[in-house]
Amino acid sequence: MKPRVYITKMPLNLAMFGRNRAESFLAEHPGETYVIVGHSLGGVFASRYAAAHTDQIKGVFYLASYADDGGRLDGTNLSALQLTGSDDGVLNWEAWEKAKTNLPKNTTFVSIRGGNHGQFGSYGMQKGDSAPKVTGQEQLQQVVQALKEWMKSVQK
């Protein structure tokens with residue numbers, strides 16, 4: 001079976017205003033399990049959603065993000081993939097490091113050398129971000145490769 005992919009538009013492009021957008025997707029195919037993805041603040045809210053829906057969510061894929069205390073996944077059987085860019089000037093690296101304790105044991109960490117924050121979202125430069133040392137296409141290719149490898153382990 002081919003995987004279903006849903007991309008939802010968030011109100012004002014902020015996940016905090018669309019916290020339960022995944023509800024409609026999960027309702028379309030009850031009994032199936034899903035992986036949820038979030039970039040930046042979207043990853044925080046994806047983690048919170050996953051923590052409240054561990055029966056339907058199998059994994060969380062973070063792009064320049066982390067699980068805050070409200071989205072703790074430690075102690076769950078979920079899988080996580082956490083991607084960062086080595087030149088991310090927006091991510092709060094101290095909070096990111098501290099939040100590692102909130103992740104499940106089955107977490108894969110990948111750092112894209114030369115990648116920045118904005119290229120994960122493909123929206124260009126963001127205030128406070130560092131100039132990337134790789135092209136957006138190169139960063140995207142590395143994201144896709146990491147996601148493919150991680151999904152093999154999630155499907156087991």
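The values are calculated or read from the model by the stated rules, or taken from the named source; none is laboratory data. Keep in mind that this is a model prediction, so the values were computed, not measured. Because the Cβ atoms are built from the backbone with ideal geometry, glycine has one as well, and the counts that use them run over all protein chains shown.
Things worth noting here:
- Scan of the stretch 50-83 for residues that are hydroxyl-bearing (Ser, Thr, Tyr), in contact with a helix residue (DSSP H, G or I) (Cβ under 6 Å, 6 or more places away or on another chain) and without any contact (Cβ under 8 Å) to a residue 60 or more places away in the chain, ordered by number: Tyr62, Ser65, Tyr66
- Lone unmet requirement of (1) at pLDDT below 95; (2) buried (at least 16 other Cβ atoms within 10 Å of the Cβ); (3) among the small types (Gly, Ala, Ser) for Ser153: (2)
- Test: residue in the stretch 34-41 that is of a type in the set (A, V, I, L, M, F, W, C), assigned to a helix (DSSP H, G or I) and under 10 Å from the mean Cα position of the chain (by Cα): yes
- Filtering the stretch 102-140 to residues that are over 16 Å from the mean Cα position of the chain (by Cα) and of a type in the set (S, T, N, Q) leaves Gln126, Ser130, Thr135, Gln137.
- Hits in the stretch 27-73 - residues which are touching a Ser or Thr at 6+ places or on another chain (Cβ under 9 Å) and farther than 17 Å from Trp96 by Cα: Val35, Ile36, Ala50, Ala51, Thr54, Asp55, Gln56, Ile57, Lys58, Gly59
- Some residue of the stretch 34-48 being surrounded by fewer than 24 Cβ atoms within 10 Å (Cβ to Cβ) and over 29 Å from Gly136 (Cβ atoms): no
- Residue within the stretch 55-64 that is farther than 14 Å from Gly38 by Cβ and among the hydroxyl-bearing types (Ser, Thr, Tyr) present: no
- Candidates Ala15, Ala52 - the one that is modelled with pLDDT of 90 or more and of a type in the set (A, V, I, L, M, F, W, C): Ala52
- Here Ala22 meets each of (1) buried (at least 20 other Cβ atoms within 10 Å of the Cβ); (2) within 20 Å of Val154 (Cβ to Cβ); (3) at pLDDT 95 or above with one exception, condition (3).
- In the set Gln137, Gln119, only one residue is surrounded by fewer than 19 Cβ atoms within 10 Å (Cβ to Cβ) and either free of Cβ contacts under 8 Å to residues at least 24 places away in the same chain or touching a helix residue (DSSP H, G or I) at 6+ places or on another chain (Cβ under 6 Å) (or both); that residue is Gln137.
- So Leu91, is it surrounded by 12 or more Cβ atoms within 10 Å (Cβ to Cβ), of a type outside the set (Val, Ile, Thr), in contact with a strand residue (DSSP E or B) (Cβ under 8 Å, 6 or more places away or on another chain) and under 27 Å from Glu32 (Cβ atoms): no
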